[in-house]
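The values are calculated or read from the model by the stated rules, or taken from the named source; none is laboratory data. Note that the coordinates shown come from a computational prediction; the quantities given were computed from them, not determined experimentally. Here the Cβ is made from the backbone with ideal geometry for all residues, glycine too, and neighbour counts use every protein chain on show.
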Amino acid sequence: MVRLLLLIALCGAGTAHAAEQAVDPAVFRALDTAQIAQKKGDYAAARRALDAASAKPDSLEEVLLWRSRGYLAWAQGNNVQALEMLDRVVKSAKLDAEMHRAEELNLARLNLNERRYARVVALLAPRQAGADEEVLQMLVQAYQGMGQPAKALPLAERYVQANPKAADSWLQFLVAMNADLKKYAAAERWQRQLMLRQPNNAQGWRQLAALQQLSGQNGKSLATLRAAYQKGLRFSESELDNLVLLAGAADQPWQGAKLLAGMLDQGLLPRTAVREERLALLWWQARERRQAATLFRALAARSGSAKHWMNLAQLEMEQARWKAGLEALGKAERAGAERSKVRSWRNWAESELSFAREKRVASAG
């Protein structure tokens, strides 16, 4: 209903505007009759009135009939025909500047509805210098739809800078787009502006911590979470766990390990075997083998798990600690580790240990 009323208003405005121009009276009557019928929802009568009218080729009357047919098709949900008719109108160059701009904007709206993003850009980009909020929104959506967020971003930034009271959705868009483009400092700046409006929104604090963590500022991320807790805001365990998983997904195991270790040490997350194993794996991925081995040693001693002993054995051997590795390997075997895997690791460790002995003997001699 809202769309129908909009179309009627647009069509009516165009008919009134046409009255101010030199239009053939018979065509004007047909346009007026079609408008009244369309307003009543009698699309068949509107169609008959338009079909009964005739206009000379390449005339203003022909363009106005195309226009009315386009809006009638749009009202009936026939967007393909509406696009064809309104495209002809815009390309005709028969309308005055004011009416041409209005039709160009309506055609852009319809193209956006149909996800014809390149056409939206072609119609609106030339007017973006003095664009209002709606035009900027359509251009931003179109560039996003075309997979070109870098072109959408400056338009959104320009709008927000010119309109300090812009809706939160604009700020949220700027945060998301800058983060997607890995412009974390800019994303953090816009996130802080959003938080000035919503200082007690826990999600905003968590988003800020995530951005800081993605930019490698795990210390600031932890401080942000701690500040939120001091304000009385609380996060679920899954939200905090997801911050750590985010580091892994972003190929930042060291940052993830530092963040998780900090949250465990400061009591923001309860210490569990699952989280300690995750921390050990993150240290391992970050090639901090000593920290990883210390954690797996404690885990293996408590759990007696073959997997934990095998992880410890591998970590010890990666540090050329062959005896410690063989000792852990023996415990993994007794805990039920796969024998072929144990044998393979043992053969490697024993050969390396033997080589090291021979080297020492040779040096002594």
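Just name the residue that is surrounded by the most Cβ atoms within 10 Å (Cβ to Cβ) out of those in the stretch 72-97 that are free of Cβ contacts under 8 Å to residues at least 12 places away in the same chain and under 27 Å from LEU155 (Cβ atoms).
LYS91
Across the stretch 115-165, which residue is modelled with the lowest pLDDT among those that are of a type in the set (Gly, Ala, Ser) and surrounded by fewer than 16 Cβ atoms within 10 Å (Cβ to Cβ)?
It comes out as GLY130.
Can you tell me which residue is surrounded by the fewest Cβ atoms within 10 Å (Cβ to Cβ) among those in the stretch 201-242 that are polar (S, T, N, Q) and in contact with a Lys or Arg (Cβ under 7 Å, 6 or more places away or on another chain)?
Applying the filter and picking the extreme gives ASN218.
From the list ARG334, ARG302, ARG275, ARG290, which one is out of contact with any Leu (no Cβ under 7 Å at 6 or more places or on another chain) and closer than 18 Å to GLY256 by Cβ?
Result of the check over ARG334, ARG302, ARG275, ARG290: ARG290.
Does the stretch 295-311 hold any residues that are under 19 Å from ALA349 (Cα atoms) and among the polar types (S, T, N, Q), and which are they?
ASN311
Show me the helices (runs of 4 or more DSSP H) entirely contained within the stretch 304-365 in which 1 or more residues are over 46 Å from the mean Cα position of the chain (by Cα) and not charged (D, E, K, R).
Filter on the stretch 304-365 gives 322-334, 339-364.
Looking at ALA102, ALA108, which is the one that is of a type in the set (A, V, I, L, M, F, W, C) and closer than 26 Å to ASP180 by Cβ?
One residue alone meets the criteria, ALA108.
Please work out if ARG278 is among the charged types (D, E, K, R) and in the same structural domain as GLN252 (by TED's automatic domain parsing).
yes
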